[in-house]
Amino acid sequence: MKTQLLFPTFSVLVTSAIICVAAESKRVEREVRFTSAHYSISEVDDRPVATLTSKPVYPAHLRPDKVRGEVVIGLIVSGEGIPTEVQYRLATDEAFIEAAIECVKKWRFKPAKKQGESVPCSMYVPLIFQTNEK
């Protein structure tokens, strides 16, 4: 399956590049396996569009070190526009995973359309974690 990233409009810095991380990083990667019936992003006529987003909460224990990280989240947007089966695909540090998942679960979408009907659709979104402190 070809992975495609979608970029909803929100104030968290989002990029399509995977961050190159130093050797001390805790990078984790896993295969995403969705269990419910859905279309892939390449099979729908109209892709899901984020209508309500929020920033992920930066883990407080990482703030002193100003650790920058990325989590790529896989999810299914239901026919009602609700994120389901939210799980991580890649994280540059395990400490960011829970915050990223909890954030995306609160998002809402205009659902994907296939032949004019709302359908469930899988997609991937990257979230960047960084402090704005100098």
Looking for whichever is polar (S, T, N, Q), buried (at least 22 other Cβ atoms within 10 Å of the Cβ) and touching a residue at least 24 places away in the same chain (Cβ under 8 Å) here; the options are Thr51, Thr92. Which one fits? Thr92
Applying the selection to segment 104-126, what residues are crowded, with 22+ Cβ neighbours inside 10 Å and assigned to a helix (DSSP H, G or I)? Val104
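Given the criteria crowded, with 22+ Cβ neighbours inside 10 Å, in contact with a helix residue (DSSP H, G or I) (Cβ under 8 Å, 6 or more places away or on another chain) and of a type outside the set (Ser, Thr, Tyr), does Phe129 qualify?
On the way: crowded, with 22+ Cβ neighbours inside 10 Å: yes; in contact with a helix residue (DSSP H, G or I) (Cβ under 8 Å, 6 or more places away or on another chain): yes; of a type outside the set (Ser, Thr, Tyr): yes.
Taking the combined requirement at face value, the residue satisfies it.
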Qualifying positions in segment 54-70 - surrounded by 13 or more Cβ atoms within 10 Å (Cβ to Cβ), among the charged types (D, E, K, R) and either closer than 27 Å to Lys110 by Cα or without any contact (Cβ under 8 Å) to a residue 12 or more places away in the chain (or both): Lys55, Glu70
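With the condition being under 14 Å from the mean Cα position of the chain (by Cα) and under 12 Å from Ile128 (Cβ atoms), I'd like the strands (runs of 3 or more DSSP E) fully within segment 44-96 carrying at least 1 qualifying residues.
Details: elements: 49-52, 69-77, 83-91.
It comes to 69-77, 83-91.
Read-outs throughout are calculated quantities, based only on the coordinates presented, and are distinct from any laboratory measurement. Fair warning: this is a prediction, and the values are worked out from it, not measured in the lab. We place every Cβ from the backbone using ideal geometry, glycine too, and count neighbours over all the protein chains shown.
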